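To start, the structure under review is shown below, and the notes come after it.
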Amino acid sequence: MPCLQLTVLGSGTSMGVPTLGCHCAVCESADPHDKRMRPSVLLSYGGHNVVIDTTPDFRCQALRAHIDRLDAVIFTHGHADHIMGLDDIRPYNLKQKTVIPIYAAPETLSRLRRQFSYIFEEGQPGSTLPLIELREIDGPFDLFGLKVIPIAAMHGAQPVLGFRFGNAAYLTDFSTVPESSKALLRSLDDFILDALRYVPHPTHSNVDQSLALVEELKPKRAWFTHICHDLGHAQTNARLPENVRLSYDGLEIEVRA
Ligand SMILES: [Zn+2]
Ligand SMILES: [Zn+2]
Ligand SMILES: [Zn+2]
């Protein structure tokens, strides 16, 4: 099986951690694991780099992870914390002299067309725009030899997509997972999933709900993401089962793909 390296580019919730103006123990923690950029992962395999979501921190994340080329972007959904870094893919267009394919569900593509309308309009002469090609996700697809399986879930009242690739899956920003999707999340080695905080939230899974899903689906390892400042890295890990950890920015996982 070819090897794929997954890198967590950001493990934080929409506001990031530290959160602006907050002086709680986690926001003021000296532990680098408590510094969380907005949620995204990088998939590197066969010389290709694919990111899931382009967060408002995308530029800093790409610098930190030394992303020297970008071959595709997959979007989970259209919320600001997952898409607002899209403009920053331009240097890769210029360096690679290529259009970058963007994969997303139809409603997310519509959001991108609205949010980034300037990309799709007549440009000002001399201005640099992201060069992208929108590709609608309507089922499993091949991406440079990797089979990517979309996993439909609900994020409050709005649909969201998670993705499975080989023995790993990434599912952020969900509150419920339908049975048909659970069937696609069995026999995982690594499951990276939303766990915002302890307190219930209308559109996000919390620690107890995510632990219950892990217990049901039985991945070998689970990694929580989209984490807010309620959860300190060391203190939370000390309370979690051994096969469940908080992810952190820079975490690297080898995936059998
Ligand atoms: Zn989010
Ligand atoms: Zn705080
Ligand atoms: Zn969201």
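The values are calculated or read from the model by the stated rules, or taken from the named source; none is laboratory data. Just so we're clear, the structure is a prediction, and the values are computed from it rather than from any experiment. For neighbour counting, all protein chains shown are included, and Cβ atoms are generated from backbone atoms with ideal geometry for every residue, glycine included. SASA here: full protein model, heavy atoms, side chains in, ligands and nucleic acids out. Shrake-Rupley method; radii C 1.70, N 1.55, O 1.52, S 1.80 Å.
Taking the chain as the reference, fit the longest principal axis to its C-alpha atoms, fit the long axis of helix 106-115 to the helix C-alpha atoms, and give the angle between the two in degrees, 0 to 90, nearest 10. That works out to roughly 70 degrees. With protein chains left intact and a 1.4 Å probe, residues in the chain average 45 Å² of accessible area per residue. Across the range 47-140, C-alpha contacts under 8 Å between residues 6 or more apart give a mean separation that, scaled by the residue count, equals a relative contact order of 29 percent.
Taking only protein heavy atoms and a 1.4 Å probe, the accessible area of the chain is 55% carbon and sulfur. Mind jotting down the distance between the C-alpha centroids of the range 43-57 and the range 149-212, whole Å? Value for the Cα centre distance between the two parts: 20 Å. Among the protein heavy atoms, those of Tyr170 account for about 0 Å² of accessible surface (1.4 Å probe, every chain in place).
For the range 194-243, a crude dipole built from +1 on the beta carbon of Lys and Arg and -1 on the beta carbon of Asp and Glu, taken about the Cα centre, is about 140 debye to the nearest 20. Which shape class applies to the range 68-131: rounded if a/c is under 1.5, otherwise prolate when a/b exceeds b/c and oblate if not, where a ≥ b ≥ c are the square roots of the Cα gyration tensor eigenvalues? It comes out oblate by the Cα gyration axes.
Within the same chain, lysines fewer than 8 places from Lys147 are excluded, and of the rest, those with a Cα less than 26 Å from its Cα are Lys97, Lys182, Lys218, Lys220.
In terms of the mean number of neighbouring beta-carbon atoms within 10 Å, the peptides 33-40, 52-59, 22-29, 135-142 order highest first as 33-40, 52-59, 22-29, 135-142.
An ellipsoid equivalent to the range 176-257, defined through the eigenvalues of its Cα gyration tensor, has semi-axes of 19, 17, 11 Å when rounded to whole angstrom and sorted largest first.
If R0 is taken as 35 Å, the Cβ-Cβ distance between Ser117 and Ala152 corresponds to a FRET efficiency of 0.80.
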